[in-house]
Amino acid sequence: MDKYQRGYPKFSLCGLNCGLCPRFNTVGTSKCPGCGGEDFQNKHPSCAIISCSRKHESIQFCCDCPEFPCSRYKDIPQKDSFITYKNVISDFCKFRKNGIEIYKRDLDRKTDYLELLLTEYNDDRSKNFYCVAVNLLEIDDVESIVERIVNEKAIKTFDKSRRAKYVKDLFLKVAGEKGIDLDLRK
C-alpha cells in the first residue's frame, strides 16, 4: 500500500476509535499508530477500506461516502479484534450530527481518561477491559467514574489489584445500568 496518512489517527476511516485500542496504547513493536498514523503502512500493509476510500474520492470517513451505509456497515462484524466494533454506526452518527471537532474533543477526553486508568488503576491485566469500557460508555459516564475514583481517598491505600477491581466494578455497574456488555465478542 502507498503511504497513507491522516491528520487525526485516533478516529479511523472506518469508524473505529483507534485511540481507545489496546494496540494503540501499548509500547514496543506491536504498537499501532492508529489509522494513517506514523508508519501505518508498515503495520497494516493492506487495508480494503483505504482502497475503497481511494475509489471514492479519498473520503476521510466512510460515513462521508455517498454509498454509506454500504454492505460493510449493514453487516457489522459480530466478532471484535483488538477493538470493539459495537459502536461504529452510533459513533458515525455522533460524528455526523456534531461534526469532527466535537467528536475529536470527546475522543481526546476519552483517551486522556484511558491513559489515567492505564497508568494509575491498572493491575497489568485490565488494559483490554478499560479500552472497551471507555469506548462503549458515553463520555459523561466515563467522566463521572473517573471523577469519583480520583476523589476517593480510600482507593489510594489499595494495592494495584484491589484498586483495579474497585474501578472495574464501577464500570461494570454503570454499564449494567445502561444495558452495555463490556466484553469483546470473540
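The values are calculated or read from the model by the stated rules, or taken from the named source; none is laboratory data. This one's a predicted model, so the numbers in the text were calculated from it and none came from an experiment. Cβ atoms come from the backbone with ideal geometry, glycine included; neighbour counts cover every protein chain shown.
Points to keep in mind about this one:
- Residue list for the range 85-100, filter: assigned to a loop (DSSP other than H, G, I, E, B) and under 21 Å from Arg6 (Cα atoms): Tyr85, Gly99
- Arg125 being touching a residue at least 12 places away in the same chain (Cβ under 8 Å) and in the same structural domain as Arg162 (by TED's automatic domain parsing): yes
- Selected residue (only one of Cys47, Cys63, Cys70 is surrounded by fewer than 17 Cβ atoms within 10 Å (Cβ to Cβ) and hydrophobic (A, V, I, L, M, F, W, C)): Cys70
- One residue from Gly15, Gly36 being buried (at least 19 other Cβ atoms within 10 Å of the Cβ), in contact with an Asp or Glu (Cβ under 8 Å, 6 or more places away or on another chain) and farther than 28 Å from Val150 by Cα: Gly15
- Counting the residues of the range 139-180 that are in contact with a Lys or Arg (Cβ under 8 Å, 6 or more places away or on another chain) and closer than 25 Å to Phe11 by Cα gives 4.
- Among residues of the range 14-32, those that are farther than 16 Å from Leu114 by Cβ and under 13 Å from the mean Cα position of the chain (by Cα), counted: 2
- Residue list for the range 73-84, filter: in a helix (DSSP H, G or I) and surrounded by 13 or more Cβ atoms within 10 Å (Cβ to Cβ): Tyr73
- Members of the range 1-29 that are small (Gly, Ala, Ser) and outside any loop (DSSP other than H, G, I, E, B): Gly19
- In the range 39-58, residue farthest from Gly15 (Cα to Cα) [restricted to those that are touching a residue at least 12 places away in the same chain (Cβ under 8 Å) and not in a helix (DSSP H, G or I)]: Pro45
- Any hit, the range 135-155, residues being surrounded by 15 or more Cβ atoms within 10 Å (Cβ to Cβ), under 13 Å from Leu184 (Cβ atoms), of a type outside the set (Gly, Ala, Ser) and touching a residue at least 60 places away in the same chain (Cβ under 8 Å): yes
- The residues on offer are Arg105, Arg54, and the sole one that is surrounded by fewer than 16 Cβ atoms within 10 Å (Cβ to Cβ), of a type in the set (Lys, Arg) and assigned by TED's automatic domain parsing to the domain that holds Phe129 is Arg105.
- Selection status of Leu20, touching a Ser or Thr at 6+ places or on another chain (Cβ under 8 Å) and closer than 24 Å to Val142 by Cβ: yes
- Out of Lys160, Lys186, Lys165, sole residue that is of a type outside the set (A, V, I, L, M), more than 22 Å from Cys62 (Cβ to Cβ), exposed (fewer than 12 other Cβ atoms within 10 Å of the Cβ) and touching a residue at least 12 places away in the same chain (Cβ under 8 Å): Lys186
- From Asp123, Asp106, residue being in a helix (DSSP H, G or I) and under 17 Å from Val146 (Cα atoms): Asp106
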